[in-house]
Every structure is written in structure tokens, then in C-alpha cells.
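Peer 1: My structure is below; once you've seen it, I'll send some questions.
The values are calculated or read from the model by the stated rules, or taken from the named source; none is laboratory data. Treat the numbers as computed from the prediction; the structure is a model and nothing was measured. Cβ placement follows ideal geometry from the backbone for every residue including glycine, while neighbour counts extend to all protein chains displayed. These accessible areas exclude ligands, DNA and RNA; they are computed on the full protein's heavy atoms, side chains included. Shrake-Rupley method; radii C 1.70, N 1.55, O 1.52, S 1.80 Å.
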Amino acid sequence: MPATELNDCRFLKACRREPVDATPVWIMRQAGRYLPEYMAVRSKVTFMDLCTQPELAAEVTLTAQRVLGVDAAILFADLLPMLQPMGFDLEYAKGEGPVIHNPLKQAADIDRVRELEDVSSLHFTFDAVKLIRRELPGDIPLLGFAGAPFTLASYCIEGGGSKHYIRTKTLMYADEGAWQTLMERLARSLIRYIRAQVDAGCQAVQLFDSWAGCLSPTDYARYVLPYTKMVIDGIPAGVPVINFLTGNPALLPLIKQAGGSVFGLDWRVDLMTAWNDLGETYAVQGNLDPLVLQDWSTAKRQAEDLLTAVGRRPGHIFNLGHGVLPETPPDNVKALVQLVHERSAALRNTAN
Ligand code: CP3
């Protein structure tokens, strides 16, 4: 694959805020449970098999990129398997999502969390990256990803999903030293894990802080920002980082301090208002409400409005404001990708 072709692709140009012929688009969780091609592979194996067998992970990644026509592929993996070599007993229980059977119950338990000094036990992910990169079209970048320290910490402490993050916040407030130890161990482990994804062949990475929206700005600044910043500072310069957080627009000025060249916006903010607040010198990604994809006419109208609002300002990567929902008709996702390409190209030709 010629390196220049990849470097000049729409997606990476948009990360650098260079002009593009049409707005690049990809869909968070694009390879997942709404897609019949995914379900067909998944019906034969467990989710963990999918993550740990590079050929299967590659097939699922490549199929999603191809059938949707999106401008980037995202590695098929999950946020949590990296916690296994750190000492957590992870299971994807049927119908329940991820479960950690030995969560951290008190501050003293943090002593048993092993920092990931050596990422070789996660070789299946890096092997998948190599396989995918070999098969992907030369103008399609491959995104790596990981959970941000807070989102990972919430799984380590809650043992699964949570509504109010009571245990996580209680531990965080009760023993700030222990919290710091946990967050630093996660952050240093994440740097090694993400660097290995990049070394294996990813062109950009997204950091998912999916649950940090439960925090107030003051708590985010004190308990989370320094560690997210540590991770982003540890990613090699020149690799675009999409810093994504959902659920709390009041955190946006702080997310900017944590770093990254692209900010992932959820649908609870007006994209142009948020972008103007962040500053035009950053790229942004987002931010259609995933729910509108249930109905094509609503999705079409809202996507067109978003593209019109952005106009020709460079640095927009079209995406949903959060992951695509399992109930979504795949044809609507395909139609959205096509619409974004066509409408954004037309806007470039007609706008002054
Ligand atoms: O985007 C993609 O297509 C790549 C793969 C990907 C998965 N998980 C595969 C997956 C990505 C980027 C993730 C990220 C992830 N994993 C997040 C952040 C999501 C966000 O949008 O903020 C979180 C919180 C997790 C942890 C996780 N993994 C949960 C809560 C669940 C169960 C619920 C769900 O989302 O399906 C998983 C399982 C999981 N990860 C599935 C997939 C395709 C479904 C597994 C199945 O087939 O049963």
C-alpha cells in the first residue's frame, strides 16, 4: 500500500483539517450487532472468540467497512480484554454484557492490579491489526481504540455496567491516593497497548470515555483529566487521537485540556456551537443522535441539516453521537454513508 495514498485519504486529511472532496464518515460500533453479516459470524462463536481469533476479528472489521462504504475501518476488539492480564476475571455473559467476577471492592484491592508491562499476551489484537491492514483498501485508514482510564476503572470497580457509578465514585472520593495508583496503572498500561496497535498498523486511535459523563466538571478535572492527558501525551506524535466522551457537554472545555486532535461530540450539543467553543483549530467528529437512524426520513433531514451547518469548514468527520443501536436497520446506515458523501460533495461545489 503506498503510504502517501493512505496519508492523503479523506479521513486523515480531515483530522489535520485539510480540505477534502467530501466529508469522511464512519459509524461508532459499525461492525456490531445490528449487522446481519456480523450476526452470521457471531452465531457460530462466542464474543471472546471473535476478539481473540485474528482471522475472525479481521473478517468482521473488513466486512463492515466494505458493506457500509465508510471512510475508516475500526479494529474489531473490545475495551475490556486488556484488563485480563492486569488480573481481572472477565466474562461476556449471555445477554448481560461484560462481567468482571473479581472487581475491586475496597481501596486496598488496588494493590493487586498488575500494570501491563508487556502487552504480548494481547497479541491477538495486534495480529488482527496486521491482517486487516494487509486487506484494507489503500485509501482506508484503520482506527485502533481503547477505553479511557475512567471508563476502564468503572468496570474494574463496578464489575460491569452501572447506572450511578456509586462504588466507583465512593472509592474515588474515599481514597484519592489509591485512586491515583489505579488510574496511573491503567494509563501506563493503555499507553503500551495503544502504541502496540499503532506499531502493528493503525493510522489513528479513538479513546472512549463512554461513562465519564457521570462526573461534574470539578471531579472530572481532579480525578480523571490528568490520567486521560497522560495517555494522550504518551501516544506517538503524528497519530491523530479522537478524544471521545459522552453524556455531559459541560466537560467539553476540560476534554480539550486532556488533549487530542479530534474531539468526538455526542448529540446533546449543537455541533457548531461546541466546535466554535473548542476553536476552529481542532477537528470534530459527530454527532447525529443514533436513535434517528430508526427512521430514514428523520435521519436524512437531520444529517442534511448537520452538513449544511458545517458547510465547507475543514475538519469535520461525520459520525453518530454514540454507538449505533442494535435495533438499527442496516440499510439506513448504508444510506446515511451515501448521503453524507453526496451531499457534502455537492455543498462543496455550490457553496461560495
Ligand atoms: O466499533 C466497532 O464496530 C468495533 C468494535 C467495538 C466493540 N466494543 C465490539 C463489541 C468497540 C469500539 C467497542 C467499544 C466498547 N466496548 C465500549 C465503548 C462504547 C461506546 O460507544 O462508548 C464499551 C462500553 C464496551 C464494553 C462492552 N462490550 C459492552 C458494554 C458490551 C455489551 C453491550 C454491547 O455494546 O453490545 C460489549 C460487547 C460488545 N463489544 C459487542 C460488540 C460487537 C456485542 C457482543 C455480542 O456480539 O454479543
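Peer 1: Between exposed GluC sites (Glu not before Pro) in the chain, where DSSP calls loop and at most 10 other Cβ atoms lie within 10 Å, what's the longest gap?
Peer 2: It runs 118-352.
Peer 1: While we're here: Taking the Cα centre of the stretch 22-89 as the origin, how large is its charge dipole in debye, to the nearest 20, when only Lys and Arg (+1) and Asp and Glu (-1) carry charge on their Cβ atoms?
Peer 2: Dipole magnitude for the stretch 22-89 comes out near 200 debye.
Peer 1: Say the cut-off is 28 Å between C-alpha atoms; which of Lys13/Lys334; Lys44/Lys130; Lys94/Lys130; Lys163/Lys300; Lys169/Lys256 go over it?
Peer 2: Listed pairs above 28 Å: Lys94/Lys130; Lys163/Lys300.
Peer 1: Normalised by the residues of the stretch 141-213, what does the relative contact order come to in percent, with Cα pairs under 8 Å and at least six apart?
Peer 2: Result for the stretch 141-213 is 62 percent.
Peer 1: Oh, and also: Using Cα atoms only, what is the angle between the long axis of helix 330-350 and the major principal axis of the chain, expressed in degrees (0 to 90) to the nearest 10?
Peer 2: Relative to the chain, helix 330-350 is tipped by roughly 50 degrees.
Peer 1: Only loop residues by DSSP count here, and only those with at most 14 other Cβ atoms within 10 Å; note down the chymotrypsin sites (Phe, Trp or Tyr not before Pro) in the stretch 173-219 that meet that.
Peer 2: none
Peer 1: Once the mean 1/r over all distinct Cα pairs of the chain is inverted, what Kirkwood radius in angstroms do you read off?
Peer 2: 20.5
Peer 1: Among Ala31, Ala40, Ala187, determine the one that fluctuates most according to a GNM of the chain built with springs between C-alpha atoms less than 10 Å apart.
Peer 2: Ala40
Peer 1: What are the trypsin sites (Lys or Arg not before Pro) within the stretch 11-97 that DSSP puts in a loop, where the Cβ has at most 10 other Cβ atoms within 10 Å?
Peer 2: The qualifying sites are Lys44, Lys94.
Peer 1: How much of the accessible area of the stretch 226-352, in percent, comes from carbon and sulfur atoms when a 1.4 Å probe is used?
Peer 2: 51
Peer 1: Can you work out the Karplus-derived ³J(HN,Hα) for every residue in the stretch 173-181? Use 6.51 cos²θ - 1.76 cosθ + 1.60 with θ = phi - 60°, whole Hz, and x for glycine or proline.
Peer 2: 6, 6, 9, 5, x, 5, 4, 4, 4
Peer 1: Under Stokes-Einstein, with the Kirkwood radius over Cα pairs standing in for Rh, what whole-number D in µm²/s applies to the stretch 240-309 at 10 °C and 1.306 mPa s?
Peer 2: My calculation gives 126 µm²/s for D.
Peer 1: Can you give the Rg to Rh ratio of the stretch 266-352, both from alpha-carbon atoms, with Rh computed by the Kirkwood formula?
Peer 2: We get a ratio of 0.96 for the stretch 266-352.
Peer 1: Go ahead and set up a Gaussian network model of the chain, Cα springs under 10 Å, then flag whichever of His316, His101, His164 fluctuates most.
Peer 2: Maximum fluctuation in the GNM of the chain, among the listed residues, is at His164.
Peer 1: Separate question: In a Gaussian network model over the chain where Cα atoms closer than 10 Å are linked, find which of Ala335, Ala196, Ala93 has the largest mean-square fluctuation.
Peer 2: Highest fluctuation among the options: Ala93.
Peer 1: Antiparallel as a % of all DSSP beta bridges within the chain, to the nearest 5?
Peer 2: Given both bridge residues lie in the chain, the antiparallel proportion sits at roughly 15 percent.
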